Amino acid sequence: MAQAKPVPAKSMLAPDNHTLILIDHQPQMAFATKSIEIVELRNNVTGLAKAAKAFNVPTILTTVAEKSFSGPMFPELKAVFPDQKPIDRTTMNTWEDKRITDEVNKIGKKKIVIAALWTEVCGVGPVLSAIEQGYEVYFVTDASGGVSLDAHNMAVQRMVQAGAHPITWLQYMLELQRDWARGETYNVVTGIAKEHGGGYGLGIIYAKEMFGAQEGH
């Protein structure tokens, strides 16, 4: 009989085992996104970006036709990574731009986390391509969006059928934290949750103010 051990699953994300790629979070792409409210999308992808930065996760930023059509990356993402210039592409499939794959190879992680606009185009392409080349890919469904709910859902289903793992941004952050005794990231994680975590974040504020509560204690 197998013996249980206090060891996390190898399939779980950790700060040092993956690369995050944020794809085409730009105005022109957001205008046609209908599967999620734009305010919620912007909140979620910003929370995702802040979580990655808090845990020093290598992050690739990329845009498509920034100057000629789609516009600049969301300003709140620029604020998270002020010194990082997004790689601007012509390809709808990020994976077909050699600068991106060169960066993935340079970072050298076998797990890749992706969020993209639109799910059914700029999300599907790199997810399927990376999976075929042996990467373990996670897709952040609520930091992404499609031109309709059906388009988004069918694209996520297609990626899952190919082996991708669907996750949400808050799940991502808490999976990286995993233990509230990790004091070096406790304050920044709860701070991100307070700002971007909706009811969960409000609950942290309430418990702290009313009872001086702190998770893990």
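So for the pair residue 14, residue 157, with labels modelled 7 Å out along Cα→Cβ, what separation do we get in nm?
That separation, rounded to one decimal, is 3.6 nm.
Read through the labelled values [x] 38, 33, 14; [y] 43, 17, 15; [z] 28, 21, 17 and report the label of the one computed as semi-axes √(5λ) of the Cα gyration tensor in Å from the structure.
Comparing each candidate, only [z] matches the computed number.
For labels at residue 92 and residue 175 in the simple 7 Å Cα→Cβ model, what's the distance in nm?
About 2.8 nm, to one decimal.
Considering only protein heavy atoms, what per residue accessible area in square angstrom results for the chain with a 1.4 angstrom probe?
Averaged over the residues of the chain, the accessible area is 51 Å².
Within a Cβ distance under 14 Å of residue 154, other residues only, what is the Lys/Arg minus Asp/Glu net charge?
So the surrounding residues net to 0.
Can you classify the range 61-130 as rounded, prolate or oblate using the Cα gyration tensor, where a ≥ b ≥ c are the square roots of its eigenvalues, rounded means a/c under 1.5, and otherwise it's prolate if a/b beats b/c and oblate if not?
The shape class here is oblate.
What does the helix-only formula give at 222 nm for the chain: each DSSP H stretch with n ≥ 4 adding -39500 (n - 2.57), the total divided by the residues, and the result rounded to the nearest 500 deg cm²/dmol?
-13500 deg cm²/dmol
What does the charge count around residue 13 come to, taking other residues whose C-beta lies under 13 Å from its C-beta (Lys +1, Arg +1, Asp -1, Glu -1)?
Net charge around residue 13: +2.
Leaving out ligands, DNA and RNA, what percent of the accessible area of the range 109-213 is carbon and sulfur, probe 1.4 Å?
About 56 percent, which is the carbon plus sulfur part of the accessible surface.
In the structure displayed, which of 50/85; 50/194; 5/111 lie more than 18 Å apart, Cα to Cα?
Going by Cα-Cα distance, 5/111 fall outside the 18 Å limit.
The values are calculated or read from the model by the stated rules, or taken from the named source; none is laboratory data. Computed from a prediction, not measured in an experiment: that's the story for all the values here. For neighbour counting, all protein chains shown are included, and Cβ atoms are generated from backbone atoms with ideal geometry for every residue, glycine included. All accessible areas refer to the heavy atoms of the entire protein, side chains included, with ligands and DNA or RNA removed. Shrake-Rupley method; radii C 1.70, N 1.55, O 1.52, S 1.80 Å.
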